[in-house]
Amino acid sequence: MLNVLDIFSPDRLVINVEDIAQQMSLSRATAYRYVKELCDVGLLSRVDGNYTLGPRIIELDWMMRKYDPLISTGREMMAELAITTGLTVYLSVYYDGHIINTHIESAQQKLGYAFGRGRPLPLFKGAQSKVLISFQKANRLKRIYEEMIQDNPEYDLSWKEFNQITKTIRKDGYSLTHDELNLGLTGISAPILNPKTDDILGSLALVGSSTAFELFNQEALISRLKEVTAIIGHKAQSL
């Protein structure tokens, strides 16, 4: 039943019973039963015979903002980074084939960037995405390539090329990209790792205009970013 929520996407914000029945190979009766029960618990709302995400989603989002260990431990440091650098700071995570920005801190009131909080990012474009993918375990990394990169014309990467890129990012401990998500923007991202297992929990990225980045000592900026991600990783695991 919860798979009904997977039908929603940035390009499909309203669905109907026919969509559900077709996408999930269900009878109309079963699709109607699903949406009724999802509406009853607030995960869907009925609007003119169609369905949108319900108010329970907003409540869950509020809880996540308040209690998610990466957000709660990283919020103040992210705000400090945004103020001292003038750059926008993104906290991002990888789940089930999706890259999502879960928290953003910025000294700017209006960002104008294409990928804000909650909107999925391309799987292997942009500093956040490249870090989150590169630090996956070897067997998962191979599966990601075969299932989502290999036959995707947006990437045009052989396994050897993909493997080399991810290996370099793991060795360097960060990813630096230009113009991959927005023209004229540069991003630097580092992983947030579980200090006990080295599993990746998320990534932290500094994003701003490429001209702004020219004013920084890049090595010092990367060093500070790595320092903050290490602190967030340790604090998150102690909660």
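The values are calculated or read from the model by the stated rules, or taken from the named source; none is laboratory data. Predicted model, so just to flag it, every value in this text is computed and none were measured. Reconstructed Cβ throughout: ideal geometry from the backbone, glycine too, with neighbour counts over all protein chains shown. The area values use the complete protein model at the heavy-atom level, side chains included, leaving out ligands, DNA and RNA. Shrake-Rupley method; radii C 1.70, N 1.55, O 1.52, S 1.80 Å.
In this structure, SER175 qualifies as polar (S, T, N, Q) and touching a helix residue (DSSP H, G or I) at 6+ places or on another chain (Cβ under 7 Å).
The C-beta contact set for region 218-231 (first residue open to solvent by less than 80 Å² (accessible area, probe 1.4 Å), second residue charged (D, E, K, R), distance under 9 angstrom, 6+ apart or interchain) comprises ILE222/ASP172; VAL228/GLU80. Report yes if VAL4 is open to solvent by less than 40 Å² (accessible area, probe 1.4 Å), in contact with a strand residue (DSSP E or B) (Cβ under 8 Å, 6 or more places away or on another chain), at pLDDT 90 or above and over 23 Å from PRO120 (Cα atoms), otherwise no. Considered against the rule, which asks whether it is open to solvent by less than 40 Å² (accessible area, probe 1.4 Å), in contact with a strand residue (DSSP E or B) (Cβ under 8 Å, 6 or more places away or on another chain), at pLDDT 90 or above and over 23 Å from PRO120 (Cα atoms), VAL4 comes out as no. Can you confirm whether region 65-82 contains a residue that is farther than 30 Å from SER223 by Cβ and of a type in the set (D, E, K, R)? The answer is yes, given that some residue of region 65-82 is farther than 30 Å from SER223 by Cβ and of a type in the set (D, E, K, R). The set of residues from region 200-237 being assigned to a loop (DSSP other than H, G, I, E, B) and among the charged types (D, E, K, R) comprises just one member, GLU214.
Just one of (1) touching a residue at least 12 places away in the same chain (Cβ under 8 Å); (2) part of a helix (DSSP H, G or I); (3) surrounded by 12 or more Cβ atoms within 10 Å (Cβ to Cβ) fails for ILE99. It is (2). In region 152-177, the residues that are within 24 Å of ILE222 (Cα to Cα) form Cβ pairs under 7 Å with partners that are open to solvent by 60 Å² or more (accessible area, probe 1.4 Å), at six or more places apart or across chains, as follows: GLY173/LYS226; TYR174/LYS226.
Just one of the numbered conditions (1) within 19 Å of ALA79 (Cβ to Cβ); (2) crowded, with 23+ Cβ neighbours inside 10 Å; (3) at pLDDT 95 or above is not true of GLY187: (3).
How many residues are in contact with a His (Cβ under 9 Å, 6 or more places away or on another chain) and modelled with pLDDT of 90 or more when one looks only at region 47-72?
Looking only at that region, the number is 2.
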